[in-house]
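A short write-up of the structure that comes next.
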């Protein structure tokens, strides 16, 4: 069986929700649970009772302050959402996502994850912008309300049932490995600092949306580590040239 994806709960609200998520994960042989800013203790008595025998997943859970840190070592991240975020991203069903995840693992040492937001609000747009692909569950359009554990179970079940991986889509990338999310976020922050410095984001209230759009463009490119390093170099040289020209004109 291929490497299971990590399950990332972003700002989960109730410890029982984390416990029932662990129970759903155990049913589908998923063991890597990551928590971003949990509001309540994920090892409380309520959480352990809700896990119903899957408490070892809770005990091994990794906890992070930021979504960026939780995905830093990953190469492919899926975000679950039930509504249109008006971002240019591939949108797949749980079944399609399961096939893709297995294909990614079959193609090489690619680490993947699926992100889930709080039950009340779901993932924020800034979280979704960090993902490569969006997962939407096709349900009754008149009522498609799922609790957190149900959503995890749906996607976990499809991954578990996918069986042998499909033939992976191949792409010649030389010897360079795929960039991790940490690599990408480092580049994003470098680029955004320089864009701020040169006045690119002229309208303050439009900046968050513009940042997300630029990040989405680079996410879709499936960059390698070497390509990210090249982009860092391009930004550095452009900034150096601009400053040098400015000094010459003084």
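Test residue 222 against the stated conditions and say whether it is at pLDDT below 95 and either in the same structural domain as residue 112 (by TED's automatic domain parsing) or under 29 Å from residue 76 (Cβ atoms) (or both).
yes
Go through (1) modelled with pLDDT of 95 or more; (2) within 15 Å of residue 37 (Cα to Cα) one by one and return the number of the condition residue 119 breaks.
Of everything listed in (1) modelled with pLDDT of 95 or more; (2) within 15 Å of residue 37 (Cα to Cα), residue 119 misses just condition (1).
Assess whether residue 39 counts as being out of contact with any strand residue (DSSP E or B) (no Cβ under 6 Å at 6 or more places or on another chain), at pLDDT below 95 and crowded, with 22+ Cβ neighbours inside 10 Å.
The answer is no for residue 39.
Checking residue 235 against (1) loosely packed, with under 14 Cβ neighbours inside 10 Å; (2) more than 20 Å from the chain's Cα centre (by Cα); (3) under 30 Å from residue 108 (Cβ atoms), which single condition isn't satisfied?
Checking residue 235 against (1) loosely packed, with under 14 Cβ neighbours inside 10 Å; (2) more than 20 Å from the chain's Cα centre (by Cα); (3) under 30 Å from residue 108 (Cβ atoms), the one that fails is (1).
The values are calculated or read from the model by the stated rules, or taken from the named source; none is laboratory data. This structure is a prediction, so every number in the text was calculated from the model and none was measured. Positions of Cβ are generated from backbone atoms using ideal geometry, with glycine treated the same way; all protein chains shown enter the neighbour counts.
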